[in-house]
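The values are calculated or read from the model by the stated rules, or taken from the named source; none is laboratory data. Remember, it's a predicted structure, so these values are computed and weren't measured experimentally. So basically every Cβ, Gly included, is an ideal-geometry build from the backbone, and we count neighbours across all protein chains shown.
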Amino acid sequence: MEQNWKFSELKYERPDSEQVIKDLRETAEKIRAAQSGEEVLSHIMEHEQRDQQLSTLLSLVNIRHTLDTRDAFYEKENEWIGQTMPTILPDSLALADAIAESHFRNEIEEKLGKQFFAEIDLQKKCFCPENIPLMQAEAKLTDEYQKIMASCQVEFMGEKRNLYGLQKFFEHTDRDVRRRAFKAYSDFYHSHEERLEEIWSELIRIRNEMGRNLGYENFIPVGYMQQSRTDYGQEEVASFREQVKMELVPVCEKLYQAQAKRLGIGRICAFDEKMIYPEGNAVPAGDDDFMIGTARQMYHELSPETAEFIDFMIEHEMMDLKNRPGKASTGYCTILPSLKAPYVFSCFNQTIFDMQVLTHELGHAFAAYRASRIQPLQNYFFSSTDIAEIHSMSMEQFAYPYAERFFGKDADKFRFAHLQEALTFVPFGVAVDEFQHICYAHPELTPKERTMEWHKLERKYMPWRTYEDDEFMERGGYWYHKLHIFLYPFYYISYTLTTMGAMEFKKKYAEDPVSAWKDYLALADVGGSKGYLETLHLAHLSVPFEPGAVARAAGYAIRILEEQIGS
């Protein structure tokens, strides 16, 4: 592999979809005709190499499209991919069938692991030819949602601001500025409410039709399978949500009461939630380049493994973190598989959010960097979503000892605010999950009735929340901003489940950093090669659905926070 490449210099050519289909068919024939397990494995790995090349081209388009949603070339290529890739799925699944039906299945499983066939089974259960036009329609709608979000240019405080730019002012010391910034944020979504309602209604219809085409009552089981969930289902998730309601919601109420007292106000409003200290929150001690340079120093000191990783990311230009017009309002980590190169995308806004980006998304990237050098298949480069977020959230916790480097005298402010947000986020996260269950299970609800369901969920999981005189938000409009609802169905519960794993790692790291880091590397290196429960066991982590699991996992962090608020 060429070592001196840079992301900006990578060449893109539109994949030849006809050749892709031809290669899939020929590989399937070769596997059916193979005379030994060794021969089958050889054909699988030849296909894997071609598939990694294809995935790299698709990732290039996605990255460059989100870097500048106004770029007409990559907008067109992104649309072509959304319409073309579903048409390849039948032949991809035919190849999977040939592998699954091979007389040499035992030899394949011995080499590639039982998860290889578990993933094939999931692919088959998630697809039928009738869903191809539905997948194409889904791609158009989700792309439209992203374009609407990226179009935000709101005049505020003398400048045009995008959504990330507005969020910076949610932490302004002047309460009236916070109120006006939040109202401007709300007004942007309110101004697009009608079209967002239509997009969401159509996505529910399309996805539920996909589910019915696959033999299910609605989309929910398909959404779970798309997230590679085979070890648990809706019942376990519902029990976890109930644990959050019973164990964490009262703690969060106590934290916000202390915050209101600290700020000298009677009650926290939604536009106050990010304002932790009356004199001002922790802010980065330097500009964007300072933050990236300081992160490089931190990762060099954290471990030899992270030092190698961060040098790779910077030298190959595999991060774009600065905010600018036209850039998609999102954050993600993806990978260029053929280069074994993770890519991190986000938008800095000069708040503690920037530190979260440098740890959360780079936590994902570090895990992918490790797994891609160990695991043989690109499907194993990333863990399932319910494991992958442990990598990212735990890395956020591992960065606490380095907070002085990023925030100077405000380091303790950062640590408290970040840990508080880690816990207060969880009730919101389970509300997002329950909202999706409600919407797909009850497609008869009108758009305004769905939004009222969100309002009810806020009362259930976030009883402290009030929007003052913002009618749109008060009746439930806040859910529109959560892009995962539109783009990544049933992903969001992963953030809450994995918060429990991250809190366990926080405690372990405080007690025995060497042992904790060893477990963390094991979690990264296994990638997606094992199932959910097996991976948790490998990293010595608890199962979050078990009775009492939430209280046990979050207990250490809760004690830290309660000591600091004097409870």
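Among the residues of the range 177-184, are any out of contact with any strand residue (DSSP E or B) (no Cβ under 6 Å at 6 or more places or on another chain) and surrounded by fewer than 15 Cβ atoms within 10 Å (Cβ to Cβ)? Working first, answer last.
Initially, the range 177-184 is screened for residues out of contact with any strand residue (DSSP E or B) (no Cβ under 6 Å at 6 or more places or on another chain), giving 177-183.
Keeping just the survivors that are surrounded by fewer than 15 Cβ atoms within 10 Å (Cβ to Cβ) gives none.
No, because not a single residue in the range 177-184 is out of contact with any strand residue (DSSP E or B) (no Cβ under 6 Å at 6 or more places or on another chain) and surrounded by fewer than 15 Cβ atoms within 10 Å (Cβ to Cβ).
Just to check your reading of the model, which residue among LYS322, LYS340 is at pLDDT 95 or above, within 20 Å of the chain's Cα centre (by Cα) and either charged (D, E, K, R) or under 15 Å from PHE290 (Cβ atoms) (or both)? Before the answer, list the steps.
On the way: LYS322 fails: at pLDDT 95 or above.
Every option except LYS340 fails the conditions.
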In this structure, is ARG229 in a helix (DSSP H, G or I), basic (Lys, Arg) and touching a residue at least 24 places away in the same chain (Cβ under 8 Å)? no
Which pairs have Cβ atoms under 6 Å, sit 6 or more apart or on different chains, and link a residue in the range 444-472 that is among the hydroxyl-bearing types (Ser, Thr, Tyr) to one that is not in a helix (DSSP H, G or I)? THR451/GLY476; THR466/CYS269
Which residues, taken from the range 437-455, are of a type in the set (Ser, Thr, Tyr) and in a helix (DSSP H, G or I)? TYR440, THR451
Matching residues, the range 481-499, being aliphatic (A, V, I, L, M) and either surrounded by 20 or more Cβ atoms within 10 Å (Cβ to Cβ) or modelled with pLDDT of 95 or more (or both): ILE485, LEU487, ILE493, LEU497
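Given the criterion under 25 Å from the mean Cα position of the chain (by Cα), in contact (Cβ under 8 Å) with a residue 24 or more places away in the chain and more than 17 Å from ASN379 (Cβ to Cβ), identify the matching residue among GLU130, GLU144, GLU119, GLU107.
So the residue among GLU130, GLU144, GLU119, GLU107 that is under 25 Å from the mean Cα position of the chain (by Cα), in contact (Cβ under 8 Å) with a residue 24 or more places away in the chain and more than 17 Å from ASN379 (Cβ to Cβ) is GLU144.
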State which residue pairs qualify: first residue in contact (Cβ under 8 Å) with a residue 40 or more places away in the chain and charged (D, E, K, R) and inside the range 184-205, second residue loosely packed, with under 14 Cβ neighbours inside 10 Å and assigned to a helix (DSSP H, G or I) in any location, beta carbons under 9 Å apart, and separation of 6 or more residues or different chains. GLU197/LYS448
Only one of LEU41, LEU60 that is closer than 28 Å to CYS333 by Cβ and part of a helix (DSSP H, G or I): LEU60
Answer yes or no: is there a residue in the range 31-51 that is modelled with pLDDT of 95 or more, closer than 30 Å to LYS147 by Cα and not β-branched (Val, Ile, Thr). yes
Would you check if there is a residue in the range 176-189 being of a type in the set (A, V, I, L, M, F, W, C) and closer than 30 Å to LEU533 by Cα? no
Residues that are touching a Gly at 6+ places or on another chain (Cβ under 8 Å) and crowded, with 20+ Cβ neighbours inside 10 Å, drawn from the range 18-71: THR69
Return the pair list, or none, for Cβ contacts closer than 6 Å from residues in the range 149-167 that are under 18 Å from HIS65 (Cβ atoms) to residues that are outside any loop (DSSP other than H, G, I, E, B), at least 6 apart or on different chains. CYS152/LEU163; CYS152/PHE188
Which listed residue is crowded, with 16+ Cβ neighbours inside 10 Å, modelled with pLDDT under 95, on the phi < 0 side of the Ramachandran plot and in contact with a Phe, Trp or Tyr (Cβ under 6 Å, 6 or more places away or on another chain), from LEU166, LEU122, LEU196: LEU166
With respect to ARG241, is the statement that it is part of a loop (DSSP other than H, G, I, E, B), of a type in the set (D, E, K, R) and either buried (at least 19 other Cβ atoms within 10 Å of the Cβ) or touching a helix residue (DSSP H, G or I) at 6+ places or on another chain (Cβ under 8 Å) (or both) true? no
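Is it fair to say GLY215 is in a helix (DSSP H, G or I) and farther than 20 Å from PHE271 by Cα? Steps first, answer last, please.
On the way: in a helix (DSSP H, G or I): no; farther than 20 Å from PHE271 by Cα: yes.
So GLY215 fails the test.
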Test set (1) part of a loop (DSSP other than H, G, I, E, B); (2) in contact with a Cys (Cβ under 6 Å, 6 or more places away or on another chain); (3) of a type outside the set (A, V, I, L, M, F, W, C) - THR424 fails condition number: (1)
Quick one: which of LYS482, LYS460, LYS530 is basic (Lys, Arg) and farther than 30 Å from ARG175 by Cα? LYS530
Candidates TYR478, TYR556, filtered to the one that is modelled with pLDDT of 95 or more and closer than 30 Å to LEU163 by Cβ: TYR478
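Can you tell me which residue within the range 10-24, out of those that are without any contact (Cβ under 8 Å) to a residue 40 or more places away in the chain and not in a helix (DSSP H, G or I), is farthest from ARG50 (Cα to Cα)? Walk me through it before giving the result.
First, pick out the residues of the range 10-24 that are without any contact (Cβ under 8 Å) to a residue 40 or more places away in the chain: 11, 16, 18-19, 22-23.
Filter once more, so that each one left must be not in a helix (DSSP H, G or I): 11, 16.
Numbers: LYS11: 17, ASP16: 12 Å.
So the residue we want is LYS11.
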Are any of the residues in the range 253-275 out of contact with any His (no Cβ under 6 Å at 6 or more places or on another chain), within 18 Å of TYR400 (Cα to Cα) and among the charged types (D, E, K, R)? no
Take the residues of the range 524-563 that are out of contact with any Lys or Arg (no Cβ under 9 Å at 6 or more places or on another chain) and among the polar types (S, T, N, Q): which is nearest to ALA258 (Cα to Cα)? THR535
Checking GLU109 against (1) of a type in the set (D, E, K, R); (2) crowded, with 20+ Cβ neighbours inside 10 Å; (3) within 30 Å of GLN375 (Cα to Cα), which test does it fail? (2)
Restricting attention to the range 456-512, which residues are over 16 Å from the mean Cα position of the chain (by Cα), outside any helix (DSSP H, G or I) and either under 23 Å from HIS190 (Cβ atoms) or of a type in the set (Phe, Trp, Tyr) (or both)? MET462, TRP464, ARG465, THR466, TYR467, GLU468, ASP469, ASP470, ARG475, GLY476
